[in-house]
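Below is one structure, written out as structure tokens; comments come after it.
The numbers here are math on the coordinates, done by the rules we state, and not lab data. Source: prediction; values computed, not measured. Here Cβ is always computed from backbone atoms with ideal geometry, including for glycine, and neighbour counts include all displayed protein chains.
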Amino acid sequence: MGTQPLDHRNDISPLSVNETVLAVLPFLAFGVASLASKIIIFNNGSNLLPFWQTALRNPFLFFDGLVLVGLGAGLLKGFPRWAYSYLGWALLFAWWWTGMGAYGYHWQGQVWLPLAGVFLIALAIKRSWLPLKNLLLGFWRDWTLLSLGIYILYSFAFMIYDENHHPYLLLFIAASTLAICLGVWGYYRLAGPLGRVLALLGGLLAATALNMLNEATWDYRAYFNLPATPQKVNLVGLIFFSALAVLMLGNALLARWQLGRQSRLRKA
């Protein structure tokens, strides 16, 4: 499971099926954590629970543990491409939980310590800066990782369904998780930058459509005692998706130019 080299077509080599499963796993795990968080039993409990019980009761803390283990394994492997999924989710989780409170605990900057600890322990075990070097080199070789980072952010937004009380909420979370996972599967299994970004956009488009359907099929205004308004097609999601698509496709074209430039420099 080493770092994937550039192939003869100036593309990034697709991951194997096993490596792609590893790359998709944190996306699937977050969807499962979101599903679990909607089950009443996870929301019950004293505000004075020991931390280890809090971690077991909160599916998102359990998710973060999985992500940190995956990130550590990626660092020990020399940071192959699938490890970027874990890095992105680990960074997002630390940012999300800064200032978060649960079961009487309130996290601030200390929520970043486990992430820093994973890097320090892995580098100490390897006794080498090579994993960190490969991490940075991977960003330079493949600029579509910027689009993957954007995808992780909006995957989080589309799968969490916060303060949503649709009667079929669990089905919407499951369907959104499937759409998101298919998009990232295509990203890691395709070679060309444009194809990889189009796979991500496909996943986001499906998740956007599901989100719009969700909003159109439950009366959230009545639930939150908001003034009633006529039901209209929500165009904000499509407009936002269009702007996001332009940004990500521009990133794909820049990545393709960068790969071609690297190839020409090697031949010179």
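Using the per-residue mean of other Cβ atoms lying within 10 Å as a proxy for protection, in what order, highest first, do the peptides 152-161, 136-145 fall?
Result, highest mean Cβ count within 10 Å first: 152-161, 136-145.
Using mean Cβ contacts within 10 Å as the protection proxy, how do 77-86, 58-67 order, highest first?
Final packing ranking: 77-86, 58-67.
Once phi is turned into ³J(HN,Hα) by the Karplus curve 6.51 cos²θ - 1.76 cosθ + 1.60 with θ = phi - 60°, what whole-Hz value does each residue of the stretch 246-255 show in order, with x for glycine and proline?
Rounded to whole hertz, the list is 4, 4, 6, 5, x, 4, 5, 5, 5, 5.
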